[in-house]
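The values are calculated or read from the model by the stated rules, or taken from the named source; none is laboratory data. From a predicted model like this one, the values you see are computed outputs, not experimental measurements. Cβ placement follows ideal geometry from the backbone for every residue including glycine, while neighbour counts extend to all protein chains displayed.
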Amino acid sequence: MALLVFDGFLCAVLSVLFLPLWLGATPFPISILFAAVVNVLLVIAARSVTGRVSSGLLPLGGWLVGFVLCMFGGPGGDILLLPSVWTVLLLVGGLVPAAVYLWTVGLRTALGSVSAGTAGGMR
């Protein structure tokens with residue numbers, strides 16, 4: 001499980017490093033899509049390892065810690081994340097798809113246990 005948390009952290013750092021990517025004169029922030037897909041896969045992997053929906057939050061926590069650490073400036077005054085719309089989109093794109101997945105799975109699990117309990121009580 002610790003490896004999945006570290007992978008979330010590493011995904012955040014790599015996403016931040018590749019965020020200012022350009023193709024010619026056009027910004028090409030492919031790392032936003034990369035962060036969204038990888039975080040959903042990490043959440044699915046965490047759920048499959050433990051079997052609990054709440055364990056899927058751990059890789060997202062690692063990603064968020066990595067993102068926040070990249071927001072701080074370095075000792076020479078260098079910064080990795082500029083105050084731009086791409087930074088906000090990376091934050092939203094990195095967290096929202098995985099959070100929506102966790103929410104839907106948690107809701108399905110809760111409704112499944114309620115309906116199974118109700119069906120058993122009616123017989």
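Quick grid of which residues meet (1) buried (at least 18 other Cβ atoms within 10 Å of the Cβ); (2) in contact with a Phe, Trp or Tyr (Cβ under 9 Å, 6 or more places away or on another chain); (3) at pLDDT below 90:
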site	(1), (2), (3)
39	yes, yes, no
49	no, no, no
60	yes, no, no
99	no, no, no
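Is it true that some residue in segment 13-35 is farther than 24 Å from residue 100 by Cα and within 17 Å of the chain's Cα centre (by Cα)?
Residues of segment 13-35 that are farther than 24 Å from residue 100 by Cα, as a first pass: 17-18, 20-28.
Next, from what is left, pick out any that are within 17 Å of the chain's Cα centre (by Cα): 17-18.
Yes - at least one qualifying residue is present in segment 13-35.
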>> Can you tell me which of (1) closer than 27 Å to residue 108 by Cβ; (2) among the small types (Gly, Ala, Ser); (3) at pLDDT 95 or above is the one residue 12 doesn't meet?
In response: (1)
> Could you list, in sequence order, the residues of segment 85-106 that are touching a residue at least 40 places away in the same chain (Cβ under 8 Å) and either under 17 Å from residue 55 (Cβ atoms) or of a type in the set (D, E, K, R) (or both)?
Replying inline: 95, 98, 101, 102, 105, 106
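With 56, 73 as the choices, which residue is more than 17 Å from the chain's Cα centre (by Cα) and small (Gly, Ala, Ser)? Can you show your working first?
Values: 56 fails: more than 17 Å from the chain's Cα centre (by Cα).
Result of the check over 56, 73: 73.
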>> Quick check on residue 13: is it part of a helix (DSSP H, G or I) and in contact (Cβ under 8 Å) with a residue 24 or more places away in the chain?
In response: yes
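Please determine, by comparing only the residues of segment 1-10 that are part of a helix (DSSP H, G or I) and touching a residue at least 12 places away in the same chain (Cβ under 8 Å), which one is farthest from residue 50 (Cα to Cα). Even if it seems obvious, please write down each step before you answer.
The initial filter retains those residues of segment 1-10 that are part of a helix (DSSP H, G or I), namely 2-10.
Add one more test, that the residue is touching a residue at least 12 places away in the same chain (Cβ under 8 Å), and what stays is 4-10.
Details: 4: 12, 5: 13, 6: 16, 7: 16, 8: 17, 9: 19, 10: 21 Å.
Looking at residues that are part of a helix (DSSP H, G or I) and touching a residue at least 12 places away in the same chain (Cβ under 8 Å), I get 10.
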> Quick one: is residue 82 within 24 Å of residue 5 (Cα to Cα), touching a residue at least 24 places away in the same chain (Cβ under 8 Å) and not β-branched (Val, Ile, Thr)?
Replying inline: no
